[in-house]
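Asks: Structure below; questions to follow.
The values are calculated or read from the model by the stated rules, or taken from the named source; none is laboratory data. Predicted, not measured: the structure shown is a model, and the values here were computed from it. Glycine also receives a Cβ, built like all others from the backbone with ideal geometry; neighbour counts cover every protein chain displayed. Heads up: the accessible areas ignore ligands, DNA and RNA and are worked out on the full protein's heavy atoms, side chains in. Shrake-Rupley method; radii C 1.70, N 1.55, O 1.52, S 1.80 Å.
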Amino acid sequence: MNGEHSNDNQWRKLASQVSSKINLAWWLDKLSTPLLIAALAGSCLILIARRELTDFSWFYPSIIGAIILLAIGLLSWWRARGNFESPDHALVRMEASMKMCNKLSAAKQGLTPWPAIPKVLNDGTRWRWPRLLSPPLAALILLGASILLPVSTRSNAGDLPMDEPQAWKDLEADIESLTQEETVEKDYLEELEERIEQLRGQNQEEWYSHSSIEATDALREMHQGELDKMERNLRRAEQALESLQENSGEMSDQSRERILDAFSEALEQLEQGKMKPNSELLEKIKALDPENLAQLEPQQLEQLRESMKQSAKNCAQCQGGAGKGPSQDGGASQDWLDDLLNEGSDNGQPQEREGGKGGVNRGPGSAPGVLGQISPDVNSGDLEGLQSEDLSKSLPGDLLELRDSKHDVDKTKVGLRAGGNVDNESEGGSRVWKESLLPSEKRALKNFFK
Amino acid sequence: MEHASETEVTDAGKHVRSLSNALQQVLFGQEELIQLVLTGILARGHILLEGLPGLGKTELVKGLSRILQLETRRVQFTPDLLPGDITGNPVLQEKEGKRQFVFQPGPLFTNIVLADEINRASPKTQSALLEAMQERRVTVLGESHQLPSPFFVLATQNPIELEGTYPLPEAQLDRFLFKLEITRNDVDTLERIVTDRDLGSEPDVNPIMEASTFIDVLALVRRIYLPDVVANYIARLVDATHPGQSESAGKIKFGASPRAALSLAAAAKARALMNERTHASFEDVKFIAPSVLRHRIILDYNARVEGLTSNEIISLLLEEIPFQAGKNPRTLQQSASS
């Protein structure tokens, strides 16, 4: 009786183990898909977080991951529980697989004694390892890859100070330079600086907006214009003084009058211009009487001219005017730029470009890639036209020969003969159409070749 | 109802085994057929035997009747056989000075009816068997007459020479517990038949079991325990014979009836008793399923064109439907049974 009771317990224990195995298999089956999806989503999120967050910490992601894993496990258990087997079902599974003729069911009913435990137990199932291990392995690989793959943190472009437009720097350099040299009246420089500060004071994201660049460009052009104007007027005044000084005795009245007018006009424009020379220089020039230059000490006059020259040079050297205007130093770079832009034009005139002459925010010509992605330049390097000397290797379309000659027409006399003499001379292919075509066809051909 | 005890089953099993041994002396080399015939008889079922002439169908039935000491009658079915010829007819008789109809029982009023070449009788005559087979009674002129107990119909039919035959209607086929196909004998069996038998002589068979004992055994079969899981397997198996209920039933036009499920259960119990078990099992169901189902499923046109037989479809069904109701998860695979 004890033996039978022992068998009963053992069978029930085995049934519990089998049912646990079956239920675990169901749980793992239902777990695989959500686990894979979660691993895929998690790895993507980890990669994004590692890229986007500079101070990425593993603490919170680990906790969230554990919670999600727990939730997925519970969800899978909830989905799998409908398929769970009780130990009684496991008994049936065992007796069916071991071909026990339902002895366990009968014993459970109390009809027959519990059979002895066989040496070899078989519940009729075995693990399908590839199916079982693939999802967790894939999940591990995905998560491992997202953790271990080297990902550089996105540079915090927003936090770094944005580089301001070069034109502002150039203008500030001009202001600094002109202030140091005391070339220009301070009011103009202060106003210019105030305008730059106004541009700089707007939101950084607006620095390179179209309106900002337009304003910058206008400011620069205005500054450039003023520089050019002051430089030109200073030079004109200085050159007028030089002429008056050196040629006062030999000069006719008319020439003298013209030079004096030029000096007066230059002085007037210097006074009226927005950018004025520094007050000291301007006062000196104004105090000068060109008609009585002889009263001045030559050294004083020479010093004044030198000051004017230096001021004009300072104006020409300003960065805001670099590459602009007919200044001495900037002229070379302007020429170089012109050459570059006019490259390929036959007459030296700027070539008319398709797509416009450029603007404040782009260069001349069509914008690249308007009609699609630009193909990689696989034929990089210089392209050189090759002339084939070996005519046997010429390509279709190559010009082989130019010859000025007549067609080789066979002029052997053909046609009706009388007594062995040929009467008419051949006219080449004309015989074909003249003698073989219909009248209507001949008319059509004649009309065509008219 | 009290389930059969092991002692009862063991005793009954011994009797049945002696029956089987005796029948094997009548019909050589057909052990499985004998087992199935006995199973069908113990399950109180009617059996349709199909086979070529001369394979011993009639000898088997006659031997069975002698062994069991049961009354047996043989009816040779012919196209001109009338229902009254087998059920019995009212005869006008003078009784106590009055003339009245007195029912004259036909050959159905016996324990075992050997309906030889049943498919040669007209449908009208065949249908006369329906009530007798199902309700074990005969109604003539509005008066029902109970047939003796036990009552079995063991019918034979010839699978060839189908001209002038009337195929059994489905309703009648469904009333047969088993349809057994008798196969030809092998050389050794034929040699034994030639050695031990003479042409025209009947084998000597001694009675093995009294009719009352046999009735007790029949009653015991009903007390065999049918586990719930086996009943569930039977239900799932019968359900799977219907189109759309299983992959194997794709070429079945009509599936088996609930009577098939009852037949499976009864036959499984009978086989359990023959194996001296107090309970039926999956293996019992699987063993008797082809005999129970093969005449109850009707294949569709495609299956017939492809040459598929009911036996092949049933084999597929038995492979497809697992013993236990639960499915296996995809993380587990079926291992070989021990």
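Asks: Pull up the range A:50-100, narrow it to residues that are buried (at least 16 other Cβ atoms within 10 Å of the Cβ) and among the small types (Gly, Ala, Ser), then point me to the one that is nearest to A:Leu149 (Cα to Cα).
Replies: Out of the qualifying residues, it is A:Gly65.
Matching residues to (1) open to solvent by 20 Å² or more (accessible area, probe 1.4 Å); (2) closer than 27 Å to A:Arg93 by Cβ; (3) in contact with a Leu (Cβ under 6 Å, 6 or more places away or on another chain); (4) not in a loop (DSSP other than H, G, I, E, B):
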| site | (1), (2), (3), (4) |
| --- | --- |
| B:Asp204 | yes, no, no, no |
| B:Leu220 | no, no, no, yes |
| B:Val230 | no, yes, no, yes |
| B:Ala235 | yes, yes, no, yes |
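Asks: Against the condition of a type in the set (S, T, N, Q), closer than 21 Å to A:Leu137 by Cα and surrounded by 13 or more Cβ atoms within 10 Å (Cβ to Cβ), how does A:Ser20 come out, does it pass?
Replies: Details: of a type in the set (S, T, N, Q): yes; closer than 21 Å to A:Leu137 by Cα: no; surrounded by 13 or more Cβ atoms within 10 Å (Cβ to Cβ): yes.
No; evaluated as a whole, the condition is false for this residue.
Asks: Of everything in the range B:269-284, what is part of a helix (DSSP H, G or I) and within 10 Å of chain A (Cβ to nearest Cβ)? Give them in sequence order. Write out each step before concluding.
Replies: First, pick out the residues of the range B:269-284 that are part of a helix (DSSP H, G or I): B:269-274, B:282-284.
Listed by number, the residues that qualify are B:Ala272, B:Phe282, B:Glu283, B:Asp284.
Asks: If you go through the range A:182-199 one residue at a time, do you hit one that is over 31 Å from the mean Cα position of the chain (by Cα), among the hydroxyl-bearing types (Ser, Thr, Tyr) and within 30 Å of A:Trp11 (Cβ to Cβ)?
Replies: Within the range A:182-199 (the criterion being over 31 Å from the mean Cα position of the chain (by Cα), among the hydroxyl-bearing types (Ser, Thr, Tyr) and within 30 Å of A:Trp11 (Cβ to Cβ)), the answer is no, since none of the residues qualifies.
Asks: Go through (1) among the hydroxyl-bearing types (Ser, Thr, Tyr); (2) within 14 Å of chain B (Cβ to nearest Cβ); (3) open to solvent by less than 50 Å² (accessible area, probe 1.4 Å); (4) over 25 Å from B:His3 (Cβ atoms) and name the single condition A:Thr112 misses.
Replies: Among (1) among the hydroxyl-bearing types (Ser, Thr, Tyr); (2) within 14 Å of chain B (Cβ to nearest Cβ); (3) open to solvent by less than 50 Å² (accessible area, probe 1.4 Å); (4) over 25 Å from B:His3 (Cβ atoms), the lone unmet condition for A:Thr112 is (4).
Asks: Check A:Arg235 against each of (1) part of a helix (DSSP H, G or I); (2) farther than 24 Å from A:Ser279 by Cα and name the one condition it does not meet.
Replies: All conditions are met except number (2).
Asks: Would you mind telling me which numbered condition in (1) within 18 Å of the chain's Cα centre (by Cα); (2) open to solvent by 50 Å² or more (accessible area, probe 1.4 Å); (3) on the phi < 0 side of the Ramachandran plot B:Leu82 fails?
Replies: Among (1) within 18 Å of the chain's Cα centre (by Cα); (2) open to solvent by 50 Å² or more (accessible area, probe 1.4 Å); (3) on the phi < 0 side of the Ramachandran plot, B:Leu82 violates only (1).
Asks: Considering A:Ser32, A:Ser62, A:Ser76, A:Ser57, which residue is of a type in the set (S, T, N, Q) and touching a Leu at 6+ places or on another chain (Cβ under 7 Å)? It would help to see each step written out before you state the result.
Replies: On the way: A:Ser32 fails: touching a Leu at 6+ places or on another chain (Cβ under 7 Å); A:Ser62 fails: touching a Leu at 6+ places or on another chain (Cβ under 7 Å); A:Ser57 fails: touching a Leu at 6+ places or on another chain (Cβ under 7 Å).
It is A:Ser76.
Asks: Right, here's the next one. For B:Leu308, state whether it is more than 17 Å from A:Asn102 (Cα to Cα) and either at the interface with another protein chain (Cβ under 10 Å from one of its Cβ atoms) or not in a helix (DSSP H, G or I) (or both). Outline the logic, then answer.
Replies: Details: more than 17 Å from A:Asn102 (Cα to Cα): yes; either at the interface with another protein chain (Cβ under 10 Å from one of its Cβ atoms) or not in a helix (DSSP H, G or I) (or both): yes.
Answer is yes for this residue.
This table checks each residue for (1) within 23 Å of A:Arg126 (Cα to Cα); (2) in contact with a Phe, Trp or Tyr (Cβ under 6 Å, 6 or more places away or on another chain); (3) β-branched (Val, Ile, Thr).
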residue	(1), (2), (3)
A:Ser6	no, no, no
A:Val18	yes, no, yes
A:Leu24	yes, no, no
A:Cys44	no, no, no
A:Leu47	no, no, no
A:Phe56	no, no, no
A:Ala80	yes, yes, no
A:Ala106	no, no, no
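Asks: Tell me, which residue of the range B:140-167 that is polar (S, T, N, Q) and open to solvent by 60 Å² or more (accessible area, probe 1.4 Å) is modelled with the lowest pLDDT?
Replies: Out of the qualifying residues, it is B:Ser149.
Asks: The conditions are (1) in contact (Cβ under 8 Å) with a residue 60 or more places away in the chain; (2) within 14 Å of chain A (Cβ to nearest Cβ), and B:Asp228 fails exactly one of them. Which is it?
Replies: All conditions are met except number (1).
Asks: Still on this structure, I have one more. Taking the condition of being crowded, with 16+ Cβ neighbours inside 10 Å and out of contact with any strand residue (DSSP E or B) (no Cβ under 7 Å at 6 or more places or on another chain), how many residues in the range B:112-135 meet it? Outline the logic, then answer.
Replies: Residues of the range B:112-135 crowded, with 16+ Cβ neighbours inside 10 Å: B:112-122, B:125-126, B:128-129, B:131-133.
When the remaining residues are screened for being out of contact with any strand residue (DSSP E or B) (no Cβ under 7 Å at 6 or more places or on another chain), the result is B:120-122, B:125-126, B:128.
Here the count works out to 6.
Asks: Going residue by residue through the range A:127-146, is there one that turns out to be at pLDDT 85 or above and in a loop (DSSP other than H, G, I, E, B)? Give the derivation first.
Replies: Keep residues of the range A:127-146 that are at pLDDT 85 or above, which gives A:127-146.
Then keep just the ones that are in a loop (DSSP other than H, G, I, E, B); that gives A:128.
Yes, the range A:127-146 has at least one match.
Asks: Something else: Just to verify a result, which residue in the range A:166-224, among those that are more than 15 Å from A:Lys274 (Cα to Cα) and of a type in the set (Ser, Thr, Tyr), is surrounded by the fewest Cβ atoms within 10 Å (Cβ to Cβ)?
Replies: A:Ser211
Asks: Right, something else. One residue is enough: does the range A:56-64 have a residue meeting the conditions touching a Pro at 6+ places or on another chain (Cβ under 9 Å) and assigned to a helix (DSSP H, G or I)? Break it down stepwise before answering.
Replies: Residues of the range A:56-64 touching a Pro at 6+ places or on another chain (Cβ under 9 Å): none.
Scanning the range A:56-64, I find no residue that is touching a Pro at 6+ places or on another chain (Cβ under 9 Å) and assigned to a helix (DSSP H, G or I), so the answer is no.
Asks: Here is a further query. Somewhere in the range B:260-279, is a residue among the hydroxyl-bearing types (Ser, Thr, Tyr) and open to solvent by 50 Å² or more (accessible area, probe 1.4 Å)? Before you say what the answer is, go through the steps one by one.
Replies: So in the range B:260-279, the residues among the hydroxyl-bearing types (Ser, Thr, Tyr) come out as B:263, B:278.
Imposing the further condition that a residue be open to solvent by 50 Å² or more (accessible area, probe 1.4 Å) reduces the set to none.
So far as the range B:260-279 goes, no, none of its residues is among the hydroxyl-bearing types (Ser, Thr, Tyr) and open to solvent by 50 Å² or more (accessible area, probe 1.4 Å).
Asks: Kindly indicate whether A:Ile259 is open to solvent by less than 20 Å² (accessible area, probe 1.4 Å), more than 40 Å from the chain's Cα centre (by Cα) and β-branched (Val, Ile, Thr). It would help to see each step written out before you state the result.
Replies: Numbers: open to solvent by less than 20 Å² (accessible area, probe 1.4 Å): no; more than 40 Å from the chain's Cα centre (by Cα): yes; β-branched (Val, Ile, Thr): yes.
No; evaluated as a whole, the condition is false for this residue.
Asks: How many residues does the range A:86-126 contain that are acidic (Asp, Glu) and in contact (Cβ under 8 Å) with a residue 12 or more places away in the chain?
Replies: Of all residues in the range A:86-126, those acidic (Asp, Glu) come to A:88, A:95, A:123.
Of the ones still in play, those that are also in contact (Cβ under 8 Å) with a residue 12 or more places away in the chain are A:88, A:123.
Residues in the range A:86-126 being acidic (Asp, Glu) and in contact (Cβ under 8 Å) with a residue 12 or more places away in the chain: 2 in total.
Asks: If we keep just the residues of the range A:115-126 that are open to solvent by 90 Å² or more (accessible area, probe 1.4 Å) and part of a loop (DSSP other than H, G, I, E, B), which is farthest from the other protein chains (Cβ to nearest Cβ)?
Replies: Going through the range A:115-126, the residues open to solvent by 90 Å² or more (accessible area, probe 1.4 Å) turn out to be A:119-120, A:126.
Okay, now just the ones that are also part of a loop (DSSP other than H, G, I, E, B), so A:119-120.
Working: A:Lys119: 10, A:Val120: 6 Å.
Only one residue fits best here, namely A:Lys119.
Asks: Another question, then. Looking only at the range A:65-105, count every residue that is within 14 Å of chain B (Cβ to nearest Cβ) and assigned to a helix (DSSP H, G or I) and tell me the total.
Replies: Of the residues in the range A:65-105, 21 are within 14 Å of chain B (Cβ to nearest Cβ) and assigned to a helix (DSSP H, G or I).
Asks: Moving to a separate point now. With the structure loaded, tell me whether B:Arg99 is open to solvent by 10 Å² or more (accessible area, probe 1.4 Å) and farther than 25 Å from B:His295 by Cβ or whether it fails that test.
Replies: Values: open to solvent by 10 Å² or more (accessible area, probe 1.4 Å): yes; farther than 25 Å from B:His295 by Cβ: yes.
Yes: the conditions hold for B:Arg99.
Asks: Where in the range B:35-150 are there helices (runs of 4 or more DSSP H), lying fully within it, with 3 or more residues that are farther than 21 Å from B:Glu210 by Cα?
Replies: Working: elements: B:57-68, B:83-87, B:123-135.
The helices (runs of 4 or more DSSP H) meeting that bar are B:83-87, B:123-135.
Asks: Can you tell me which residues in the range B:16-55 are open to solvent by 10 Å² or more (accessible area, probe 1.4 Å) and touching a Phe, Trp or Tyr at 6+ places or on another chain (Cβ under 8 Å)?
Replies: B:Leu36, B:Arg44
Asks: Of all residues in the range A:41-55, which are in contact (Cβ under 8 Å) with a residue 12 or more places away in the chain, farther than 11 Å from A:Leu143 by Cβ and not charged (D, E, K, R)?
Replies: Result: A:Ala49, A:Leu53, A:Thr54.
Asks: Give B:Ser263, B:Ser246, B:Ser212 a once-over and let me know the one that is in contact (Cβ under 8 Å) with a residue 12 or more places away in the chain, assigned to a helix (DSSP H, G or I) and not hydrophobic (A, V, I, L, M, F, W, C). It would help to see each step written out before you state the result.
Replies: Values: B:Ser246 fails: assigned to a helix (DSSP H, G or I); B:Ser212 fails: in contact (Cβ under 8 Å) with a residue 12 or more places away in the chain.
The conditions single out B:Ser263.
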